[in-house]
Amino acid sequence: MRRFASRRVATTAAIAAGAAALIGVSLISTPSSAAAAPAAPFDFNGDGRRDLAIGSPDAGVAAKAGAGLVTVVYGGTSGPNTAQRRVISQYGAAVAGEPEVGDKFGAAVDSADLNKDGFADLIIGSPGEATTNGVRAGTVTFGYGSATGFTFETLHAIEPLAEDRYGETVTVADIDNDGWPEAAIGGPGTEYIDLWTWAPLENAGAAAKAGGPHAKRVALPGNGGISAQAVGAEFFKIDGADVFGDAGGEIVALWRDEQGTNPTEQGHVAMLFFDGAGLQWTAPVTTTGHTLAVGNLDADARPEVVVGQYSNSGFNGGQVTVWQAGTAPTYLTGARRIHQDTTGIPGAAEAGDRFGQSLSIGDADNDGFGDLAVGVPGEDLPGGADAGAIVFIYGSATGPNTGRVWAINQETSNIPGGSEANDRFGGASTQLDITGDGKTELSIGSPGENGTEGLVTTLKGGLTSVGAAAFGPSAVGVTTTARLGSVLGG
């Protein structure tokens, strides 16, 4: 794989050197009166509707297998408007670098109005990218939104190393409650999270005061005799939300140490927060898990943390664990486990179901309670093995309401297509208000549809299958190796 070089990455050493001076310095910013009213996440063109960002890290680009691409489909009054789209890759001059085998561009995507210009920005991870620091060191690309499209900037880690896989997990939170969101970037080969901010920083010199991006590196917490992050760990996910309910954001981290013999004790969840003086971690909670989502399922002031464990080692067929916000030292409490043997959940727990492989939270009926979509891409249906499904659990004052659940698959009335072996419907999902009516639409990925093509299906807000629509690679002008729907931002 070619050593990565670009306009931005070539100058990032200077940024990283400046960032080193910020280690231990608070991310408190100087207020800026010039900042525009920030756009909502995933509203890239500022029209008030959320847009779909679809990562295809396995897509071939310019005959390079697994180079990867991202497809942005803009929102419309009827749902995703495939006639208004943007395909983003390293092919061409817009994005630094060039497609290479295994770059995995689009392995992770997220969004926020990072520079507060009134247009949401796109964050794209490329964990397989080789840099001058070694193979699979990884990079992250920021796509700055506007009314007419994107401009791009590519950065690597503050202290990049080979096999970091930097950019495999990304999220956003305004961790210091200064009005400027921080982009948090991690990778399973490193013990750190990098926080990038576009805010002018205090006590950081004239260059930093001019505005971002500036970075701060934060080590993951240790847990007793176990090191912070076993390098090469298979699972490392981060998500952001105001879990403490104090107006600032927290970054929730899920990682797996891969130390010890008990698989149910190899994972940990902890939260990074700002205590008014600096960044601190909560005490890690021991768990097992692979996927992570944070959102308000019971309409109180504090969101819940949801971890999906889709292997058979913790519970046969997979399960999700829902934590409520609690008190020190972990700030998490009341672990509630939901699986297909839970009363009210459709189906039965079976090896290979992969219940919890994908998680998303939205508010489909706009009742104030967050709704949880759980992907079960290994579910067998009449159409064949691993056809896949979504279990949609509505929220309530007590959290996920297992008495109000809907199983959705390609056998469901009005859902386009039909269930087939290896479709893996539910391999990814996202809930965004694509139409701008106040209700979130549910978009579902089927990365195995028609082999390597993939499919994205969207159900309208309110959650009804009536009017559901789907599109594959040809509708958005991407390769038939895209496995469309592998990654859905949101």
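The values are calculated or read from the model by the stated rules, or taken from the named source; none is laboratory data. What you are looking at is a predicted structure, and each value in this text was computed from that prediction instead of being measured. For neighbour counting, all protein chains shown are included, and Cβ atoms are generated from backbone atoms with ideal geometry for every residue, glycine included. All accessible areas refer to the heavy atoms of the entire protein, side chains included, with ligands and DNA or RNA removed. Shrake-Rupley method; radii C 1.70, N 1.55, O 1.52, S 1.80 Å.
Starting from residues that are surrounded by fewer than 24 Cβ atoms within 10 Å (Cβ to Cβ) and not small (G, A, S), keep the ones in segment 36-48 and report whichever is farthest from E453 (Cα to Cα). Before the answer, list the steps.
Step one: list which residues in segment 36-48 are surrounded by fewer than 24 Cβ atoms within 10 Å (Cβ to Cβ), which gives 36-41, 45-48.
So of that shortlist, the ones also not small (G, A, S) come out as 38, 41, 45, 47.
Working: P38: 36, P41: 27, N45: 28, D47: 30 Å.
If we take residues in segment 36-48 being surrounded by fewer than 24 Cβ atoms within 10 Å (Cβ to Cβ) and not small (G, A, S), then P38 is farthest from E453 (Cα to Cα).
Under 27 Å from T440 (Cα atoms) and outside any strand (DSSP E or B) - does that describe any residue in segment 262-284?
There is no residue in segment 262-284 that is under 27 Å from T440 (Cα atoms) and outside any strand (DSSP E or B).
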**Complete:** How many residues of segment 58-113 are open to solvent by less than 10 Å² (accessible area, probe 1.4 Å), farther than 15 Å from E129 by Cα, assigned to a loop (DSSP other than H, G, I, E, B) and among the β-branched types (V, I, T)? The answer is 0
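Give the number of residues within segment 285-305 that are in a loop (DSSP other than H, G, I, E, B) and surrounded by 24 or more Cβ atoms within 10 Å (Cβ to Cβ). Lay out the reasoning, then the answer.
Of segment 285-305, the ones in a loop (DSSP other than H, G, I, E, B) are 288-290, 296-303.
Still in the list and also surrounded by 24 or more Cβ atoms within 10 Å (Cβ to Cβ): 289, 297, 303.
The total comes to 3.
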**Complete:** Checked segment 306-327 for anything free of Cβ contacts under 8 Å to residues at least 24 places away in the same chain and open to solvent by less than 20 Å² (accessible area, probe 1.4 Å); matches are G326
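State whether the residues of segment 337-356 include one that is within 23 Å of the chain's Cα centre (by Cα), among the hydrophobic types (A, V, I, L, M, F, W, C), over 21 Å from T291 (Cα atoms) and crowded, with 18+ Cβ neighbours inside 10 Å.
Kept after step one, since they are within 23 Å of the chain's Cα centre (by Cα), are these residues of segment 337-356: 337-339, 353-356.
Now restrict to residues that are among the hydrophobic types (A, V, I, L, M, F, W, C): 338, 355.
Narrowing the set further to residues that are over 21 Å from T291 (Cα atoms) leaves none.
No - not one qualifying residue is present in segment 337-356.
Yes/no per residue for (1) among the hydrophobic types (A, V, I, L, M, F, W, C); (2) modelled with pLDDT under 85; (3) under 18 Å from V172 (Cα atoms):
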{"residue": "I193", "(1), (2), (3)": "yes, no, yes"}
{"residue": "A204", "(1), (2), (3)": "yes, yes, no"}
{"residue": "A210", "(1), (2), (3)": "yes, yes, no"}
{"residue": "L220", "(1), (2), (3)": "yes, no, yes"}
{"residue": "G224", "(1), (2), (3)": "no, yes, no"}
{"residue": "S227", "(1), (2), (3)": "no, yes, no"}
{"residue": "F244", "(1), (2), (3)": "yes, no, yes"}
**Asked** Do you know which residues across segment 306-316 are modelled with pLDDT of 95 or more and assigned to a loop (DSSP other than H, G, I, E, B)?
**Response** none
**Asked** Which residues, taken from segment 114-142, are open to solvent by 20 Å² or more (accessible area, probe 1.4 Å) and either charged (D, E, K, R) or assigned to a strand (DSSP E or B) (or both)?
**Response** K116, D117, R136
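I'd like to verify a number: residues in segment 353-408 that are among the small types (G, A, S) and touching a strand residue (DSSP E or B) at 6+ places or on another chain (Cβ under 8 Å), how many?
Taking segment 353-408 as the starting set, the residues that turn out to be among the small types (G, A, S) are 356, 358, 360, 362, 364, 368, 370, 373, 375, 378, 383-385, 387-389, 395-397, 399, 403, 407.
Narrowing further to those that are touching a strand residue (DSSP E or B) at 6+ places or on another chain (Cβ under 8 Å): 356, 358, 360, 362, 364, 370, 373, 375, 378, 387-389, 395, 399, 407.
Residues flagged as among the small types (G, A, S) and touching a strand residue (DSSP E or B) at 6+ places or on another chain (Cβ under 8 Å) within segment 353-408 amount to 15.
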**Request:** Select, from T154, T148, the only residue that is more than 22 Å from A219 (Cα to Cα) and in contact with a helix residue (DSSP H, G or I) (Cβ under 6 Å, 6 or more places away or on another chain).
**Result:** T154
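For the condition surrounded by fewer than 19 Cβ atoms within 10 Å (Cβ to Cβ), more than 18 Å from V72 (Cβ to Cβ) and modelled with pLDDT of 95 or more, what is the one hit in G451, G427? Walk me through it before giving the result.
Values: G427 fails: surrounded by fewer than 19 Cβ atoms within 10 Å (Cβ to Cβ).
Criteria check complete, one pass: G451.
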